[in-house]
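Structure, as structure tokens:
What follows is calculated from the coordinates using simple rules that are stated; it is not laboratory data. Everything numeric in this text was worked out from a predicted model, so none of it was measured. Using ideal geometry, Cβ is built from the backbone for each residue, glycine included, and neighbour counts are taken over all protein chains shown.
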Amino acid sequence: MYTQIPDQDNGVKVAEPNGDMLIPEWEEHATKLANSTPADLQKVYEEIKKSEGIDANVEAKILIARDTR
């Protein structure tokens, strides 16, 4: 069962490629992704891709990690 996590504490940490904190302009995108249902994830991604002019044909690396504390 999917439970939406409150925006102020979504548990997702996103960083810039150099390890710096995410730029403020992308915080809203990160929150939308973190709070989207699995069924809506592709739609949210497509909206972000369109609004930011992202070329999906450019290779990218996504690193996913988990804090086990």
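Across segment 19-34, computed HN-Hα scalar couplings (Karplus, 6.51 cos²θ - 1.76 cosθ + 1.60, θ = phi - 60°) run x, 5, 4, 4, 5, x, 4, 9, 4, 4, 4, 4, 5, 4, 5, 5 Hz from first to last residue, x flagging Gly and Pro. Protection proxy ranking, highest mean first, for peptides 47-53, 17-23, 32-38, 57-63: 32-38, 47-53, 17-23, 57-63, where packing is the per-residue count of other beta-carbon atoms within 10 Å, averaged.
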